[in-house]
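Shown next, in structure tokens, is the structure this report addresses.
The values are calculated or read from the model by the stated rules, or taken from the named source; none is laboratory data. Just so it is clear, the model here is predicted, and its values are computed rather than measured. When we count neighbours, we look across all protein chains shown, and the Cβ atoms used for this are built from the backbone with ideal geometry, even at glycine.
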Amino acid sequence: MQLVHRVAEDGERRRAESLAASERRVAQCEAKLSELESYQANYANEFAKRAALGIAGVGLREYQAFLGRLAEAVRQQGELLARARAERDAQRQQWQGAAQRADIIGKVVERGRSLEQREHEAQEQRDSDERAQNGTRRIDASRTQ
């Protein structure tokens with residue numbers, strides 16, 4: 001049963017490591033999205049300032065095209081973040097299941113140990129009682145002789 005418990009604990013540890021890796025991926029995706037959104041906002045503000053001062057047609061089209069590509073990058077990064085979060089949530093569920101299994105197996109192992117200990121103590125008590133009873137019989141037998 002100890003082996004089963006060790007295997008369950010190893011499984012839980014592996015799931016926890018996978019969850020930690022998923023958490024890191026989510027954090028990286030969030031940071032990248034935040035960076036892109038900040039860059040997009042700054043670029044849009046810069047575009048607004050230049051447009052207010054007057055910008056040539058070619059420059060206007062270039063700004064708009066770049067803002068479009070930037071918006072697409074933000075959208076794609078948002079999708080990556082959503083997938084990373086979904087993966088993290090799935091990893092969390094798998095880890096929780098593995099942790100519960102390891103905990104249950106640990107409790108079963110502990111109950112088995114406790115039962116073995118009680119049985120061992122009861123056997124020792126029976127042996128001790130038998131020795132004491134045999135000793136009393138010998139004393140009684142020696143008195144009757």
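Descriptive notes on the structure:
- Scanning the stretch 53-63 for residues being surrounded by 12 or more Cβ atoms within 10 Å (Cβ to Cβ) and of a type outside the set (A, V, I, L, M, F, W, C) gives a total of 3.
- Checked against the criterion of being closer than 30 Å to residue 3 by Cβ, out of contact with any Lys or Arg (no Cβ under 6 Å at 6 or more places or on another chain), at pLDDT 95 or above and surrounded by 12 or more Cβ atoms within 10 Å (Cβ to Cβ), the candidates 99, 71, 90 yield just one match: 90.
Each row is one residue, and each column tells you yes or no for (1) within 20 Å of the chain's Cα centre (by Cα); (2) of a type in the set (S, T, N, Q).
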site: 55; (1), (2): no, no
site: 65; (1), (2): no, no
site: 68; (1), (2): no, no
site: 78; (1), (2): no, no
site: 86; (1), (2): yes, no
site: 92; (1), (2): yes, no
site: 100; (1), (2): yes, yes
site: 103; (1), (2): yes, no
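- Test: residue 17 is under 30 Å from residue 105 (Cβ atoms) and free of Cβ contacts under 8 Å to residues at least 40 places away in the same chain: yes
- Residues of the stretch 1-13 satisfying the condition of being touching a residue at least 24 places away in the same chain (Cβ under 8 Å) and over 9 Å from residue 105 (Cβ atoms): 2, 11, 12
- Some residue of the stretch 16-25 being more than 30 Å from residue 116 (Cβ to Cβ) and not in a helix (DSSP H, G or I): no
- Residue count for the stretch 12-45, restricted to those that are farther than 21 Å from residue 86 by Cβ and within 9 Å of the chain's Cα centre (by Cα): 2
- Among residues of the stretch 84-115, those that are among the charged types (D, E, K, R) and either under 16 Å from residue 15 (Cβ atoms) or not in a helix (DSSP H, G or I) (or both), counted: 6
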